[in-house]
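Novice: What follows is a single structure, and I will ask about it in a moment.
The values are calculated or read from the model by the stated rules, or taken from the named source; none is laboratory data. Predicted model, so just to flag it, every value in this text is computed and none were measured. When we count neighbours, we look across all protein chains shown, and the Cβ atoms used for this are built from the backbone with ideal geometry, even at glycine. Side chains are part of the model used for accessible areas, which takes the heavy atoms of the whole protein and leaves out ligands, DNA and RNA. Shrake-Rupley method; radii C 1.70, N 1.55, O 1.52, S 1.80 Å.
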Amino acid sequence: SAGTLGCASVAVGSPVVPLGSAVTASCTIQRELCRGLEQGKVRISWMLDNNPVAGSQRQGPGGTEVSNLTLPRFNHTQARLWCCVEWNGTKQRIGMAEIRAGFPPAKPLNLSCVLNLGDYGLTCRWEQGADSHLPTSVALKCTGSRAQVVTGCTPQGGQSHCTVPRRLLQLYRQMEIWVSVTNALGTAESEHLCIDPMDVAKLDPPTLQSIQSIPFQTDCITLAWDVARGTEHMELQCELRYRAPEDPAWVLVTGIIGRAGTAQRCGFLFGTRYHFQMRCRRSSASALAYWSDWSPGRNYTTHEKAPTGKLDAWWGAQPGGAGGRLEVQLRWKAPRQREANGRVLGYRVTLSPRRRGRDPPTICNTTHTQCNFSVPARTTRVYLSAYNAAGESAPTEVVLLQRKGQPLAGLRAVPAGERSLWVHWEAPMAPVIAYVLEWQRVTAEPGHCSVCWQMERDGAATTALIQDGIEPFQRYNISLYPLYEDTVGVPIHTTAYSQQKAPSHAPKLHLRRISKSEAELCWEPLPVDMQNGFITSYTVFWANSIADMASATVNPSLSSFVIRGLKPSTLYKVHIMASTAAGGTNGTSLTLVTTVLDDTEIQFLFLTLGLIFVLLMVLLICFQKNERMKEQLWPSVPDPANSSLGKWVPA
């Protein structure tokens, strides 16, 4: 009851302790102040929240009762310690002390500040350390040149940022700023930040006003910009970045003076769309200074000029058509952006190079990278050029050499990745100008792929990487042609997969013949599009009803197999597994029953029965013909009715 609470006092060594440390407490009861406890023995007990704990009781001075308690390890972050006495058979709580436990505050990390040029408030952010489990006060402290420490700001509601107002800041002077965290067990401070608030001002980005190509020097451009409002009086250091859509990374231009308002930059590709952005910061700022955000982007397309460079071309030629003409299939690679100098509008093939003031007749004009045409039989050269809106490239001479040169040796292809192949070959004895690689998916329509070739310009190369149009689990036929000075070598061929997996299906088994101890099985080879890799083997499995499982591995070049050693008149289940280097696939099961006899045994049995039958027939005929033999085997018996006795016996 409320009346009894005033008769006991609970004292603890410290109301806040480090987590896991010892806690001491004592409970003192003045008997005369507790109604109902004036007479009899007082028994004091303890409870930590709702759990009983043991103390030691003794008599104190002035007729008081005292109980001392020591908790060796206090592992609660917050708990109530109750002093209780027994009264009328129940425990009464008559005194209480609240104990909290935790850790000293952790050091705040990564303090950084930004000055807002709108209201000149300095916003600082930091990372809080580990939770101390205790009430904690956090303040951002700052001091200026007068060495007077003030509280700049206090974060609200457990946040880890706050803003120091302008009146507490000294602009263009060094200030020391740090975070102080305090609880009952101690104080921790972050690293001290020494900055001029203007050094960490976050500027607004500049604005790109115009971009123009410089006349007569079209790989250079001039940019003009305006610095942000409010920064006109500052010395600014700026950076420019730009990229084309296909570029993997930005090109960064540093050291631009902001007040200049213009800058010139060269080395751009012709006829290419670029995206430009700019940012600035104070020139005199320290390394802690912040760049502005990047400005809104601005696009600009450089001037085009006629394509440059040679085109990689490859051809096939065969006699055909009326009048002894030559049918030519010409293919080429589109020029790279650096050589296209803009958007290529088309390609032109002629029989002679373009001369001053006179265009030769065009035999092919196309937007594609291949063309089929016929030329007079004695034609040995054609000329290929690309053109865009600015002009036409110098013609690439294509010499229609015959394919009768020395072939290469040792061609092989190995996976380079899921969608690429490394091709290796042995260097030839004769000097080579270049190599041409062709590849075709085995299951594709012939000639479906116009890009499935590439030219290796390095005549000393013995390896090449194929990346265009390669898909996993598909077989590719690969051909390699060496290009000599005056002829093209006979191609060599190989096949390859960039990645293999188990076949999609196994072959379907058929029973060709069966006997009492053997069964001959056959199957159709798997179609290439079902193989998903090179078939390394077939495995035939068979088992009877007693579950005697057996298997045999068959060479992938074979399409039949004879199972030997079977039991007569027995049911067997048979299936086949087709395997590649990446795994195997089982086929459906085939049920077969062996015969009781072999074919030769059946033939022998029929022959024996036939011989017996013939022998019987011969014997029967012999008996019919030979009277003596009949008399011996079937003697004549007299008929009584025809005897002489029958004639005189009375009726």
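Per-residue answers, yes or no, for (1) open to solvent by 40 Å² or more (accessible area, probe 1.4 Å); (2) touching a Leu at 6+ places or on another chain (Cβ under 7 Å):
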position: Val251; (1), (2): yes, no
position: Thr254; (1), (2): yes, no
position: Arg259; (1), (2): yes, yes
position: Thr262; (1), (2): yes, yes
position: Thr272; (1), (2): no, no
position: Trp291; (1), (2): yes, no
position: Trp294; (1), (2): yes, no
position: His303; (1), (2): yes, no
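Novice: Anything in segment 366-381 that is in a strand (DSSP E or B) and closer than 20 Å to Thr308 by Cβ? List them, or say none.
Specialist: Within segment 366-381, the subset in a strand (DSSP E or B) is 366, 370-376, 381.
Within segment 366-381, no residue meets the criteria.
Novice: A further question on this structure: From Ser569, Ser504, Ser517, Ser557, which residue is part of a loop (DSSP other than H, G, I, E, B), open to solvent by 80 Å² or more (accessible area, probe 1.4 Å) and hydroxyl-bearing (Ser, Thr, Tyr)?
Specialist: Ser557
Novice: Then there is this: What about Tyr497, is it open to solvent by less than 20 Å² (accessible area, probe 1.4 Å) and at pLDDT 95 or above? Talk me through it step by step, then tell me what you get.
Specialist: Values: open to solvent by less than 20 Å² (accessible area, probe 1.4 Å): yes; at pLDDT 95 or above: yes.
So Tyr497 fits the description; yes.
Novice: Of the conditions (1) open to solvent by 20 Å² or more (accessible area, probe 1.4 Å); (2) farther than 30 Å from Phe270 by Cα, Val179 clears all except one; give me its number.
Specialist: (1)
Novice: If you go through segment 520-554 one residue at a time, how many are closer than 30 Å to Thr595 by Cα, outside any strand (DSSP E or B) and either open to solvent by less than 30 Å² (accessible area, probe 1.4 Å) or without any contact (Cβ under 8 Å) to a residue 24 or more places away in the chain (or both)?
Specialist: At the first step, the residues of segment 520-554 found to be closer than 30 Å to Thr595 by Cα are 520-525, 537-554.
Still in the running and outside any strand (DSSP E or B): 524-525, 545-548.
Now restrict to residues that are either open to solvent by less than 30 Å² (accessible area, probe 1.4 Å) or without any contact (Cβ under 8 Å) to a residue 24 or more places away in the chain (or both): 546-548.
Residues flagged as closer than 30 Å to Thr595 by Cα, outside any strand (DSSP E or B) and either open to solvent by less than 30 Å² (accessible area, probe 1.4 Å) or without any contact (Cβ under 8 Å) to a residue 24 or more places away in the chain (or both) within segment 520-554 amount to 3.
Novice: Name every residue in segment 347-380 that is exposed (fewer than 14 other Cβ atoms within 10 Å of the Cβ), over 48 Å from the mean Cα position of the chain (by Cα), within 18 Å of Glu327 (Cβ to Cβ) and in contact (Cβ under 8 Å) with a residue 24 or more places away in the chain, in order of residue number.
Specialist: Pro376, Ala377
Novice: Would you confirm whether any residue within segment 67-87 is in contact with a Lys or Arg (Cβ under 7 Å, 6 or more places away or on another chain), more than 30 Å from Thr163 (Cβ to Cβ), at pLDDT below 90 and loosely packed, with under 13 Cβ neighbours inside 10 Å?
Specialist: no
Novice: Same structure again: Provide a single number: the residues in segment 34-65 that are at pLDDT 90 or above and touching a Gly at 6+ places or on another chain (Cβ under 7 Å).
Specialist: 1
Novice: Have a look at Leu465, Leu480 and point out the one that is open to solvent by 50 Å² or more (accessible area, probe 1.4 Å), under 16 Å from Arg412 (Cα atoms), hydrophobic (A, V, I, L, M, F, W, C) and at pLDDT 90 or above.
Specialist: Numbers: Leu480 fails: open to solvent by 50 Å² or more (accessible area, probe 1.4 Å).
When all the criteria are applied, what remains is Leu465.
Novice: In segment 103-139, how many are of a type in the set (D, E, K, R) and either part of a strand (DSSP E or B) or touching a Leu at 6+ places or on another chain (Cβ under 6 Å) (or both)? Before the answer, list the steps.
Specialist: So in segment 103-139, the residues of a type in the set (D, E, K, R) come out as 107, 119, 125, 127, 131.
Keeping just the survivors that are either part of a strand (DSSP E or B) or touching a Leu at 6+ places or on another chain (Cβ under 6 Å) (or both) gives 125, 127.
Of the residues in segment 103-139, 2 are of a type in the set (D, E, K, R) and either part of a strand (DSSP E or B) or touching a Leu at 6+ places or on another chain (Cβ under 6 Å) (or both).
Novice: Let me ask another. Looking at Thr380, Thr463, can you tell me which residue is assigned by the TED database to the domain that holds Leu330 and hydroxyl-bearing (Ser, Thr, Tyr)?
Specialist: Working: Thr463 fails: assigned by the TED database to the domain that holds Leu330.
So the residue among Thr380, Thr463 that is assigned by the TED database to the domain that holds Leu330 and hydroxyl-bearing (Ser, Thr, Tyr) is Thr380.
Novice: Out of the residues in segment 423-437 that are at pLDDT below 90 and open to solvent by less than 40 Å² (accessible area, probe 1.4 Å), which is nearest to the chain's Cα centre (by Cα)?
Specialist: That would be Pro428.
Novice: Kindly list, by first and then second residue, each pair from a residue in segment 405-430 that is free of Cβ contacts under 8 Å to residues at least 24 places away in the same chain to a residue that is open to solvent by 40 Å² or more (accessible area, probe 1.4 Å) and not basic (Lys, Arg), limited to pairs with Cβ atoms under 7 Å and residues at least 6 apart or on different chains.
Specialist: Gly410/Glu426
Novice: Okay, moving on. Condition first: out of contact with any strand residue (DSSP E or B) (no Cβ under 6 Å at 6 or more places or on another chain) and open to solvent by 10 Å² or more (accessible area, probe 1.4 Å). Now tell me which residues in segment 91-105 satisfy that. Even if it seems obvious, please write down each step before you answer.
Specialist: Initially, segment 91-105 is screened for residues out of contact with any strand residue (DSSP E or B) (no Cβ under 6 Å at 6 or more places or on another chain), giving 102-103.
Phe103, the sole residue that qualifies.
Novice: What strands (runs of 3 or more DSSP E) completely inside segment 140-256 contain at least 2 residues that are more than 22 Å from Tyr290 (Cα to Cα) and not assigned by the TED database to the domain that holds Pro18?
Specialist: Numbers: elements: 149-153, 161-164, 175-183, 186-189, 193-195, 207-213, 220-226, 236-243.
Passing ranges, in order: 149-153, 175-183, 186-189, 207-213, 220-226.
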